[in-house]
Structures are given as structure tokens and as C-alpha cells.
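Notes to accompany the following structure.
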Amino acid sequence: ITLTGGTGLGKSSITRELEHWLLNETQDNVGIIALEENWKRTADGILSIEANERLYIEQIREQYGDDKYTELANKVFKGDNENRLWIHAHYGATDFDDILSKIRYMIIGCNCKWIVVDHLHMLVMSAAFGDERTTIDNIMGSLSRLVEETNVGMILVSHLRRVEGNKGHEQGVTVGLSHLRGSASIAQVSDCVIALERDQQSEDPQEANTTHMRVLKSRYTGDVGMATHLLYDKDSGRLREVFVDESSEELEL
């Protein structure tokens, strides 16, 4: 499953919600490869979902208190959830072969049924297969073969290329498969592609904080189009599903 969208449109927020849901609603182990942040911020992101507080922000974390934080961490990561969440601690060192080996270890050695890779273009920077298109083709092929071999579920975050015109994806431009950055193989190899759309600069605060999720590809059913709408709560840092009347663009809470 490839999740894509413009810069700052909430890709990481959605993956955090999914990771938290998998931990709470399934018995599956989850492996996370988050290449733009260290493992502590990744863990804080999941704890923030549980707490309904933005604990990844230092000032909010300090107000929360160490004892309360430890109790929360034990609830999420210990007990029934012991050894169910595995986070790649890369310490700034990223080599594609090493990362691929770590993913394989998470799947086989740690029994992870879901792997989240955030994001593809950081993997591109870690590989040396030639130009960007060739590199992406090779990475997508390697990930696809690993998924087919192990039957793991993989959520891959990908960036978009810049579009022509005065408005970009951060101003709510409708996303198409051709907007995926670097290579057509991202769309071709993925079983499902989901795009995030949001007008960050809207004068309407509700619209500026509502992410529209559009299915661009679904190999399983063939169904595509607008799927749902997620409203971001700045106080809790959480996303919740809302109904948007697309004929009038009216949002119902």
C-alpha cells in the first residue's frame, strides 16, 4: 500500500494512527522504518495517539510528567504488547542493503505482519543503482519480492513531484498517479495507492485542517475515487473521520 501526498499534509500522522490501531485492534507485530526521524520520536508519536496529547512536542512532553509518561509507555509497549512493536534505530546511517536486511529480520525474526516504510525517497538516497528512476525501479522490485515471499503487509510512504501551475499539492490540487515522484513503477508495483489532498492555505480553518483521502489504485477491487475525509485536531494531534458533502463542500462534525 503506497500512501502519498504533498509536503506537510499528514502522511506521518496517518501512519501513526495506523500503527496505533494495529497494536490495539490486532495481535499482529508491527515493524517501523522511519528514516526522517529517530526511534524515540517514532515511539513518542505512537504514545501521543494513545494519550490524545502531542507528546512529540518537547514543551507538552515536559508538562505531561515523567511518571505519567512511564505509565503510558508501559501500557502501550509492555504487557500484552510486549515485543510487538519493532522500530529501526538507524542513527543517521542508511544503506539500502542494510535496511532491506533489517526489514527481512523484522518479518522473519520478529514475526512482524506489517511493515511501515517512511519514506521511499529516503531509501533512494541510500541506494546506488544509477539515476533516480532506475534506483526507484530496483527498490520497488526488491520490496515487492519481499512482500510476495513473506506475505507481509507493507505501507510505503512516497512523495509527489511538483506540478505545473500556480497551485501545488499543498493548496489542494487533485492528485493523480502520474504525480508520483521519480518512476511509474511506484504505481505499477503497488497493490493500492492512496493520496492525501488538503488546502493548507484555505481561509476556512476546517478546510485547512481536513485531509481528503483519494484512492488512485486498488488492484484488489478496482474501486477508485474519494474514500474519506480526516479532520486534524490541533489540541490532541488526532485525526477523526468526518463527512463532507462534496456537492456543497460542507463539513459535518
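I'm checking my understanding of the structure. Among residues of the stretch 6-45 that are basic (Lys, Arg) and out of contact with any Asp or Glu (no Cβ under 9 Å at 6 or more places or on another chain), which one is least open to solvent (accessible area, probe 1.4 Å)?
Taking the stretch 6-45 as the starting set, the residues that turn out to be basic (Lys, Arg) are 11, 16, 40-41.
Narrowing further to those that are out of contact with any Asp or Glu (no Cβ under 9 Å at 6 or more places or on another chain): 16, 40-41.
On the way: ARG16: 20, LYS40: 122, ARG41: 108 Å².
Per the criteria, the residue is ARG16.
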Identity of the residue in the stretch 87-137, at pLDDT below 95 and aromatic (Phe, Trp, Tyr), that ends up farthest from TRP21 (Cα to Cα): PHE129
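Criterion first (outside any strand (DSSP E or B), in contact (Cβ under 8 Å) with a residue 60 or more places away in the chain and open to solvent by less than 40 Å² (accessible area, probe 1.4 Å)) does SER202 satisfy it?
Answer is no for this residue.
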It is to be established whether one or more residues within the stretch 107-117 are surrounded by fewer than 20 Cβ atoms within 10 Å (Cβ to Cβ), in a helix (DSSP H, G or I) and on the phi < 0 side of the Ramachandran plot. yes
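Per-residue answers, yes or no, for (1) out of contact with any Ser or Thr (no Cβ under 7 Å at 6 or more places or on another chain); (2) modelled with pLDDT of 90 or more:
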| position | (1), (2) |
| --- | --- |
| MET154 | yes, yes |
| GLU164 | yes, no |
| GLU170 | no, no |
| THR174 | yes, no |
| HIS179 | yes, no |
| SER183 | yes, no |
| SER190 | no, yes |
| LEU196 | no, yes |
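The values are calculated or read from the model by the stated rules, or taken from the named source; none is laboratory data. Remember, it's a predicted structure, so these values are computed and weren't measured experimentally. Positions of Cβ are backbone-derived with ideal geometry, glycine not excepted, and every protein chain shown enters the neighbour counts. In case anyone asks, the SASA skips ligands and DNA or RNA and just uses the protein heavy atoms, side chains included. Shrake-Rupley method; radii C 1.70, N 1.55, O 1.52, S 1.80 Å.
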